[in-house]
Amino acid sequence: MALLAGLRVPARSLLRAGARLRDAALGRWERAAGGGGDGARSFGSQRVLVEPDAATGVAVMKLWNPPVNSLSLDLLTELVISLEKLENEKTFRGIILTSDLPGIFSAGLDLTEMCGRNPAHYAEYWKALQELWLRLYQTHLVVIAAINGASPAGGCLLALSCDYRVLADNPKFIIGLNETLLGIVAPFWFKDTMINTIGHRATERALQLGLLFRPAEALQVGVVDQVVPEGQVQGAALSAMTQWLAIPDHARQLTKSMMRKATADRLLTQREADIQNFVSFLSRDSIQKALQVYLEKLRQKKG
Ligand SMILES: CCCC/C=C\CC(=O)SCCNC(=O)CCNC(=O)[C@H](O)C(C)(C)COP(=O)(O)OP(=O)(O)OC[C@H]1O[C@@H](n2cnc3c(N)ncnc32)[C@H](O)[C@@H]1OP(=O)(O)O
């Protein structure tokens, strides 16, 4: 709780009010001055700020969906649009994906999109998530995750879909695919993405136990490539980017495609079935109950 003019106001309400004010002030991130170097203007949408630097060919993409950057339908859609825009600009070769919210990279899928809605909504939501993953996983751009906060479940998937991961060293910044803890199952393409990063055995253990790794463990198991002191994440990500961009684009891009195509194709060939699976799984009473109990626990946590 925070004290405001003698009233006891929950700190989170203040954060939200501040967030709304900032949103209004920035007018959907259209800043006249622009944040990028070399005269490039910041662009983006309400929930995704893109700071392009035309001189280096690197854009910093910041997630901003308070309170926890959950992957709502809107955020997923805005991310796909921003990514597509950068892919279509010849100037850009790399993206640093990070969060504009203190202490949170992304809380993963938005549980409110998965609870108490109708099957058509679940289908639309899942399709949007597939779309983002397919684009991020296969983009010809170098994408480096500067993970400056907690990154469970879908947040971890986002990071795993990048080419390289730098995590800030704070024990609260946990990362992993913890779906089983919620009584749900990580889809095969989440599992495949993790296997491609840390191998089969480590993934099996992580997925069955729903492990959320602290920075040192995440580094040890290979979920992240580098752990750096808080405050140095973006700098470290930019340094890593220099190394990745020193490689001729065509060779690196063909290699990336060669490494990732089979995994992406596996989803592409059964996209519709995957949506139907998700919808029928989510429509079960037992799953709805489990998700509601989990969401309720999250809401009561602060009480
Ligand atoms: C077949 C199905 C396949 C599904 C595949 C993927 C699964 C997912 O991605 S499901 C999402 C899994 N995510 C999680 O388990 C993370 C849950 N959240 C947390 O652990 C914490 O919120 C977190 C560590 C991210 C941040 O902690 P705090 O800073 O302490 O914040 P609070 O916990 O107090 O949360 C604030 C506020 O946000 C709401 N919240 C949190 N996570 C989500 C979410 N994923 N979706 C929607 N809303 C979320 C939380 O309920 C609080 O709300 P209010 O009480 O209304 O303020």
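Which of (1) among the hydrophobic types (A, V, I, L, M, F, W, C); (2) surrounded by fewer than 24 Cβ atoms within 10 Å (Cβ to Cβ); (3) within 16 Å of the ligand (Cβ to nearest atom) is the odd one out, the single condition residue 216 does not satisfy?
Residue 216 satisfies all of (1) among the hydrophobic types (A, V, I, L, M, F, W, C); (2) surrounded by fewer than 24 Cβ atoms within 10 Å (Cβ to Cβ); (3) within 16 Å of the ligand (Cβ to nearest atom) except (3).
Yes or no: the range 246-266 includes at least one residue that is surrounded by 13 or more Cβ atoms within 10 Å (Cβ to Cβ), closer than 21 Å to residue 58 by Cα and among the β-branched types (Val, Ile, Thr).
Among the residues of the range 246-266, not one is surrounded by 13 or more Cβ atoms within 10 Å (Cβ to Cβ), closer than 21 Å to residue 58 by Cα and among the β-branched types (Val, Ile, Thr), which makes the answer no.
Considering only residues that are open to solvent by less than 20 Å² (accessible area, probe 1.4 Å) and touching a residue at least 60 places away in the same chain (Cβ under 8 Å), look in the range 92-106 and name the one that is farthest from the ligand (Cβ to nearest atom).
This residue is 94.
Quick one: in the range 159-183, which of the residues that are open to solvent by less than 10 Å² (accessible area, probe 1.4 Å) and part of a helix (DSSP H, G or I) is farthest from residue 298 (Cα to Cα)?
Going through the qualifying residues, I end up with 160.
Residues of the range 196-213 being hydrophobic (A, V, I, L, M, F, W, C), surrounded by fewer than 19 Cβ atoms within 10 Å (Cβ to Cβ) and within 16 Å of the ligand (Cβ to nearest atom), which ones?
Answer for the range 196-213, where residues must be hydrophobic (A, V, I, L, M, F, W, C), surrounded by fewer than 19 Cβ atoms within 10 Å (Cβ to Cβ) and within 16 Å of the ligand (Cβ to nearest atom): just 209.
Among the residues of the range 107-126, are any buried (at least 21 other Cβ atoms within 10 Å of the Cβ), away from the ligand (no atom under 15 Å from the Cβ) and either assigned to a helix (DSSP H, G or I) or of a type in the set (Gly, Ala, Ser) (or both)?
no
In this structure, does residue 273 turn out to be away from the ligand (no atom under 16 Å from the Cβ) and open to solvent by less than 80 Å² (accessible area, probe 1.4 Å)?
no
For the range 287-297, give me each residue that is free of Cβ contacts under 8 Å to residues at least 60 places away in the same chain and open to solvent by less than 100 Å² (accessible area, probe 1.4 Å).
293, 296
What number of residues within the range 127-151 are within 12 Å of the ligand (Cβ to nearest atom) and touching a Lys or Arg at 6+ places or on another chain (Cβ under 7 Å)?
So the count comes out to 2.
Could you check the range 56-79 and list, in sequence order, the residues that are in a helix (DSSP H, G or I) and open to solvent by less than 20 Å² (accessible area, probe 1.4 Å)?
75, 76, 79 - these are the residues of the range 56-79 that are in a helix (DSSP H, G or I) and open to solvent by less than 20 Å² (accessible area, probe 1.4 Å).
The values are calculated or read from the model by the stated rules, or taken from the named source; none is laboratory data. As the structure is a computational prediction, the values presented were derived from the model and not from experiment. Cβ: placed from backbone, ideal geometry, glycine included. Neighbour counts: every protein chain shown. Only protein heavy atoms, including side chains, enter the accessible area calculation; ligands, DNA and RNA are left aside. Shrake-Rupley method; radii C 1.70, N 1.55, O 1.52, S 1.80 Å.
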